[in-house]
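Peer 1: Here it is: the structure, laid out below.
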Amino acid sequence: MAARRAGAVALALALLAGGAQARSAGPTPTAAPTVSGTIAVGDRLAAGSGTWTSSTPVAYAYQWYRCDAAGAHCNSVHGATAPGYTLSRRDAGKAIGLTVTATDKAGSTPAYASLVGPNAEPKPLLVSTAQPQITGLPIEGKPLQVTTGAWSPAPASVMYGWQRCNTNGRLCATIAGATAAAYTITSADVGHALVAVVQASFGTTKQGALSNATAAAIGGDVSGPVHTAVPVVSGIAASREQLSGTTGIWTGVGSVGYAYQWYRCDAEGAHCSSVHGATKTTYRLVPKDVGETIGFTVRATDSTGTASAYASLVGPIATAGSTLKASAQPAVTGSPIPSTTLTTSEGTWSSGATVDKYTYAWRRCNANGRLCTPIPNATSASYRVTAADTGHALVAVVTAAAGLASQTAFSTATASTA
């Protein structure tokens, strides 16, 4: 089931973020771009940039495409790089695509709007003024429903057809026998976006309109959303200070809701107990936390179930009056793959004295970054991953010293070693 959930996430992100290639940098799309406007030659379409997650400012670039009526053979329209596009005579009978590329300090990520069209001739007797919309969850065995959209004038009758497309809502093929406003997803649809074609009639005039595309359909055994970025805790690791946690980034089916719990663990991340009433994204450290590590868990729930994700442990927690306090966790860089090297930073320290020495010790933990045990002889800022680490998350414990004062801090945990 875990593999099916991971595949579902990949498919959902593929629709938003550019197909099968993995996104390595740049903003993360959380809602696809949109196109609005009347679908007729001479009218102007407007682009919506979509919704994106990034820790730095985001800039957007646009490119419009002309495709055939099935969303294939798409070619970029020369010079059509503004957030608006006026349909020309060359667009008659064609579908129009839009790609939005979002760029931040880390890189660039493309995302795709649903196709619109086919485009009517100038001054049409019947025209689509608002795209038909699909409602329902793209899960095997679940029903979808499409609206008629908006038309001018109101059509005398409408007919329906459903199409199976690639994950970007392109290269669509007709689904035999799917001619009603409702459609139940089958196993053949898993991995594909779905689109409905609404065929409207007014007198002797007929005109079709493509609906919005669904996310890539997923198997019926999926249970709960999957995180694509783990929760993160920030704040000074000392009594009376406040820690703050993020939800992380999740992909789910339908809306995703979140629940939070803070935990108090021993100095090695074991024997964790939930802190009564600590169920918000913030937690005020108390004297009872001194010498312990603090865990933070996010439970995300969508229409298919609930899943959990774990932030890296924070601590051990210093006293309120400590000379040395970790104000930002040390960070481990590198891939947790055997024979590769990981490196930890020193972290950031709030101190009443200059830190004059750092020492290091590496821990092998469970896959959630808990229940950690020392790795013999791993006492430098770098660590070469071994076969013994397979299935474990890795953590560096950094000890800062200033004169006679010292304090340790857990680094961020790696993913489970492959």
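The values are calculated or read from the model by the stated rules, or taken from the named source; none is laboratory data. Treat the numbers as computed from the prediction; the structure is a model and nothing was measured. So basically every Cβ, Gly included, is an ideal-geometry build from the backbone, and we count neighbours across all protein chains shown. Only protein heavy atoms, including side chains, enter the accessible area calculation; ligands, DNA and RNA are left aside. Shrake-Rupley method; radii C 1.70, N 1.55, O 1.52, S 1.80 Å.
Peer 1: Work out, step by step, the length gained on full extension between Ser54 and Ala381: first 0.36 nm times the residue separation, then minus their alpha carbon distance; give nm to one decimal.
Peer 2: Full extension from Ser54 to Ala381 adds 114.8 nm.
Peer 1: Semi-axes, largest first, in whole Å: what does sqrt of 5 times each Cα gyration tensor eigenvalue give for the range 298-386?
Peer 2: 27, 22, 11
Peer 1: Starting from the Cα of Ala320, move 7 Å in the Cα-to-Cβ direction to define the label point; list residues of the range 258-286 whose amide nitrogen is under 18 Å from there.
Peer 2: 283-286
Peer 1: Turning to a different aspect of this structure: If exposed means no more than 14 neighbouring beta carbons inside 10 Å and the site is in a DSSP loop, what's the longest run of the chain without any exposed trypsin sites (Lys or Arg not before Pro)?
Peer 2: 281-418
Peer 1: Residues of the range 51-74 with amide nitrogen under 20 Å from the 7 Å Cα-to-Cβ point of Ala176?
Peer 2: Label zone hits: none.
Peer 1: Grab the Cα-Cα distance for Ala188 and Ala415, subtract it from 0.36 nm times how many residues apart they are, and report the gain in nm with one decimal.
Peer 2: Roughly 78.4 nm would be gained on extension.
Peer 1: Follow-up question, since we're still on this one. Let me make sure I get this right: for the range 82-156, a, b and c are the square roots of the gyration tensor eigenvalues over alpha carbons, sorted descending. Under 1.5 in a/c it's rounded, otherwise prolate if a/b > b/c, else oblate. Which is it?
Peer 2: oblate
Peer 1: Next question, about the same structure. Run the accessible area of the chain with a 1.4 Å probe and give the carbon-and-sulfur part as a rounded percent.
Peer 2: That fraction is 54 percent.
Peer 1: Give me the extension gain from Thr341 to Thr282: residue separation times 0.36 nm, minus the current Cα-Cα distance, reported in nm with one decimal.
Peer 2: 17.8 nm
Peer 1: Accessible area per residue, 1.4 Å probe, Å², for the range 205-301: what's the number?
Peer 2: Per residue, the range 205-301 has 43 Å² of solvent-accessible surface.
Peer 1: Take the chain, drop everything but the C-alpha atoms, weight them equally and run the Debye formula without solvent; then report log10 I(q)/I(0) at 0.10, 0.11 Å⁻¹ to two decimals.
Peer 2: Taking Cα atoms of the chain as identical point scatterers yields -0.77, -0.87.
Peer 1: Next question, about the same structure. Return an integer: the convex hull volume of the alpha-carbon atoms of the range 180-280, in Å³ per residue.
Peer 2: So the per-residue Cα hull volume is 194 Å³.
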